[in-house]
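Take a look at the structure set out below.
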Amino acid sequence: MSVGNDVVDLADPETRLCGLHPRWVERVFGAAEREALDASRSRHRLHWALWAAKESAYKARKRLEPAAVFSPREFEVELSPLPAAAGVAVGRVFHRGHAFALEVRLDDASVHAVATSEDEAGARVLWKVERALGNPGVAARRLAARAIGPALGLDPFGLRIVGRPPVVTSRDRRIQVGVSLSHHGRFVAFACTLADARPA
């Protein structure tokens, strides 16, 4: 199974829609997505939910096909209506004949999308988002290790997250888990499927 995730800090200055290039929306979103944006009462949240969905599906696709290139319009998002406050929207992302299951979690501060390949429905997905200080790459790796270690019965301090795409390895047991890391603004996030855990 392949997994990807993306987090967006909704308060980051980069997310102000008025600051985007006028043609950015046309280059990134397909016709159906633009229609949904035009009809939305929460355009800011939907805009970044769709963007995070595309990014997360691209990361999942890249694991399946390392030569994949990110062309946002080629990742077509179907998403249920966003919750009025904090909550989850579900859907799918399609890319060149492949479909990815999608969950987008929203609150007042952030959007977090997790995309998984649909070939293994029902696999347990482990994910988390938190605010972080300092180096975001290091903070995302620490967050993932703190969550993955206990889930697999391993010492989180004995886990290493290395490579591109990132892989978790353990010094206690020969195991390897594919993980997706993300950070933006004040937030770091990760996602992995425990079905990916396999002997190294």
> Can you name every residue in the range 50-77 that is of a type outside the set (Lys, Arg), in contact with a strand residue (DSSP E or B) (Cβ under 6 Å, 6 or more places away or on another chain) and under 15 Å from Ala101 (Cβ atoms)?
Replying inline: Ala52, Ala53, Ser56, Ala57, Ala60, Phe75, Glu76, Val77
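A quick yes/no check of all residues on (1) modelled with pLDDT under 95; (2) in contact with a helix residue (DSSP H, G or I) (Cβ under 6 Å, 6 or more places away or on another chain):
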position: Ala123; (1), (2): yes, yes
position: Leu126; (1), (2): yes, yes
position: Arg131; (1), (2): no, no
position: Arg142; (1), (2): yes, no
position: Gly153; (1), (2): yes, no
position: Pro156; (1), (2): yes, yes
position: Arg160; (1), (2): yes, no
> Restricting attention to the range 121-133, and to residues there that are in contact (Cβ under 8 Å) with a residue 12 or more places away in the chain and either within 16 Å of Ser180 (Cα to Cα) or out of contact with any strand residue (DSSP E or B) (no Cβ under 9 Å at 6 or more places or on another chain) (or both), which single residue is surrounded by the fewest Cβ atoms within 10 Å (Cβ to Cβ)?
Replying inline: Arg124
>> Show the residue pairs meeting these rules: Cβ distance below 6 Å; 6+ apart or different chains; first residue within the range 93-120 and over 16 Å from Asp6 (Cα atoms); second residue among the basic types (Lys, Arg) and in a helix (DSSP H, G or I).
In response: His95/Arg61
> In the range 147-166, what residues are assigned to a helix (DSSP H, G or I) and surrounded by fewer than 16 Cβ atoms within 10 Å (Cβ to Cβ)?
Replying inline: Pro150, Ala151, Phe157, Gly158
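The values are calculated or read from the model by the stated rules, or taken from the named source; none is laboratory data. The structure displayed is predicted, hence computed values, not measured ones. Please note: Cβ atoms are built from the backbone with ideal geometry, for glycine as well, and neighbour counts cover all protein chains shown.
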